[in-house]
1. Could you tell me whether the stretch 255-267 includes any residue that is more than 21 Å from Asn96 (Cα to Cα) and of a type in the set (D, E, K, R)?
2. Return the residue satisfying two criteria in turn: it lies in the stretch 282-299 and is buried (at least 16 other Cβ atoms within 10 Å of the Cβ) and under 16 Å from Arg475 (Cα atoms), and of such residues it is modelled with the lowest pLDDT.
3. Is there a residue being surrounded by fewer than 17 Cβ atoms within 10 Å (Cβ to Cβ) and within 30 Å of Tyr273 (Cα to Cα) anywhere in the stretch 86-95?
4. Output the number of the condition that Leu360 fails; it satisfies all remaining conditions of (1) out of contact with any Gly (no Cβ under 9 Å at 6 or more places or on another chain); (2) exposed (fewer than 15 other Cβ atoms within 10 Å of the Cβ).
5. So which of Ser372, Ser393 ends up being surrounded by fewer than 18 Cβ atoms within 10 Å (Cβ to Cβ), farther than 27 Å from Trp335 by Cβ and either at pLDDT below 90 or assigned by TED's automatic domain parsing to the domain that holds Thr493 (or both)?
6. Just need a number here: residues in the stretch 267-280 that are out of contact with any helix residue (DSSP H, G or I) (no Cβ under 7 Å at 6 or more places or on another chain) and surrounded by 11 or more Cβ atoms within 10 Å (Cβ to Cβ).
7. Can you run down the residue pairs with Cβ atoms below 7 Å, 6 or more apart or on separate chains, where the first is in the stretch 442-469 and not assigned by TED's automatic domain parsing to the domain that holds Ile523 and the partner is among the charged types (D, E, K, R) and surrounded by fewer than 17 Cβ atoms within 10 Å (Cβ to Cβ)?
8. Do any helices (runs of 4 or more DSSP H) lying entirely in the stretch 417-470 carry at least 3 residues that are of a type outside the set (D, E, K, R) and under 30 Å from Ala521 (Cβ atoms), and which ones are they?
Amino acid sequence: MRLLKGVRIAVILKIILVTITLTVLGFLMQASLLAGDVQIGIFFGISMVLIALVYFTKISIPMKFFLPGILLLATFVITPIIYTISMSGYQYRTGNVLSKPEALEMLQKSDAFAQVPGEKQFDLKLGWCDEEYGDAKDVANAKVCALVSYYPDDIYFLSTATTFTPLPKDRIVFNVLGIPTDVTKVGAKYTWEPFYDDEYATFDKTTASTRFKYNQPNTFLRAEGYSVMAVYAARITYDAKTDAFTDIKTGAVYKDNGRGNYANTEDPADMKYPGWREIIGLENFIDLVNNPSVREPLIAVFIWTIIFAVTTVITQYALGLLIALTLNHKIRGRWVYRSILILPYAMPSIMSILIWGGMLNTDFGAVNNLISLIVGQPVSFNWLGEPTLAKISVLLVNLWLGFPYFYLISTGALQAIPQELTEAASIDGATGGQAFRKITFPLLQQMLLPLLIASFAFNFNNFNLIYLLTGGGPRDTLAGDSAGATDILISYTYNLAFNTGGNQNFGLASAVSIVIFVTVAAISLYGIRRSKVLESFT
């Protein structure tokens, strides 16, 4: 009976947990569909169906254990990879981030009209008016109305989005400065009432976007703040049938160039912005090879990334193994030394990197101060501002952060090697060095090679160190350098995608991300196959 009760309780708990999960996923699916994210909504829907089938039926017992991992893998690994691959095929950069309908709407609003040079700047007083009902403030459909004046020529009129009503000067009320402030109410024709102070803020967006009517063809008036009205005229026109813009002044025609912009048919370099995201196939990958402004910094960054990752793994492994071999012998206070040596690994790496950044400061850093004490004269090495010193600094700081990890795994590996092997070698007359080279080191390599490959992959993408210590620099931004001396591929990619200078290129960054993925995967796979580490699992 107790067993049955336990089973029933477990089933009830399962039903409750699965129901809660399905409810949450259903809410997320609904929110995604309402927000227009159809693909995400479909994914949540498929997840709900799979969870219901697996946990409410006996269709597959193993899937009850595998399904959570499969869904998480699809969410956080497969989906980002697919998204990155798809984005690498787009013209997706600064100026080309909108959809085409959004870009078209903005072009028609922002680029279709321009202020007419040399035209008058009118004085403006905003208010309400309604020609039909006579009392502007009490009528629900009263319009925002502008009292516009140009007193040097005695020009006065009321203007709404649809009406233009000239006013005689004797119907205008002026303030002490001679600026019109009101209109005398003579019949319904001139009904007008000025805004109160609080109404200016309430109708700010309305007045800013309203095109007030003017008495000249192809022009309109636009409020510039609360007291000035300017004349605007059509600059370009859009023909929906041909999907083309025409410049009224020059006659130039701008058509969709197939790459996310409306371009001048006679001068393709002359394009309208903003553009939109457009599929361009493999052009981003071709730019990595054919475009010198992309290819040259990419090659330099790639070479430094390989040097950085390989040097880091070798130095961290060598120092960690050396310390492990030293402390593998029984010495007084060994536990104290071991505790001290793992402190760099125990501290959060972000804090350690920031502290090292302060210590390497040229003016007041502890490193320069210590060297000054040793040599007996002031020194001011620019550790983070000179390319060669910056690279050395990055490697030294990374050595400090990483050697405790290799010390720990090397210590564990040494203790896992049977002592009988080295004892037998000594009996056969081998020296300590020979026993290490012929027995200990090969066994260590076999055990630690997968971890060395993993460390290489990690340091190949060690974004935190580069970003926090040097920011990828030093770089000469005035010379147009897109890559700094210490940039590795991941920080270079970040700079392409989120450049604070405003020249962001998400499509190209996605292409570089794929290059990083393929490179790390190929090197890791080659190392694993050469080490034959997977043969023990077959």
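The values are calculated or read from the model by the stated rules, or taken from the named source; none is laboratory data. Being a predicted model, the structure only gives us computed values, none of them experimental. In this analysis, Cβ positions are derived from the backbone assuming ideal geometry, glycine residues included, and neighbour counts consider all displayed protein chains.
1. Our first condition is that a residue be more than 21 Å from Asn96 (Cα to Cα); within the stretch 255-267, this holds for 266.
Subsequent filtering for residues that are of a type in the set (D, E, K, R) retains 266.
Within the stretch 255-267, one or more residues are more than 21 Å from Asn96 (Cα to Cα) and of a type in the set (D, E, K, R).
2. Val294
3. Yes, there is a match, as at least one residue in the stretch 86-95 is surrounded by fewer than 17 Cβ atoms within 10 Å (Cβ to Cβ) and within 30 Å of Tyr273 (Cα to Cα).
4. Checking Leu360 against (1) out of contact with any Gly (no Cβ under 9 Å at 6 or more places or on another chain); (2) exposed (fewer than 15 other Cβ atoms within 10 Å of the Cβ), the one that fails is (2).
5. Details: Ser393 fails: surrounded by fewer than 18 Cβ atoms within 10 Å (Cβ to Cβ).
Going through Ser372, Ser393 in turn, the sole match is Ser372.
6. Total satisfying the criteria: 8.
7. Matching pairs, first to second residue: none at all.
8. 441-460, 463-469
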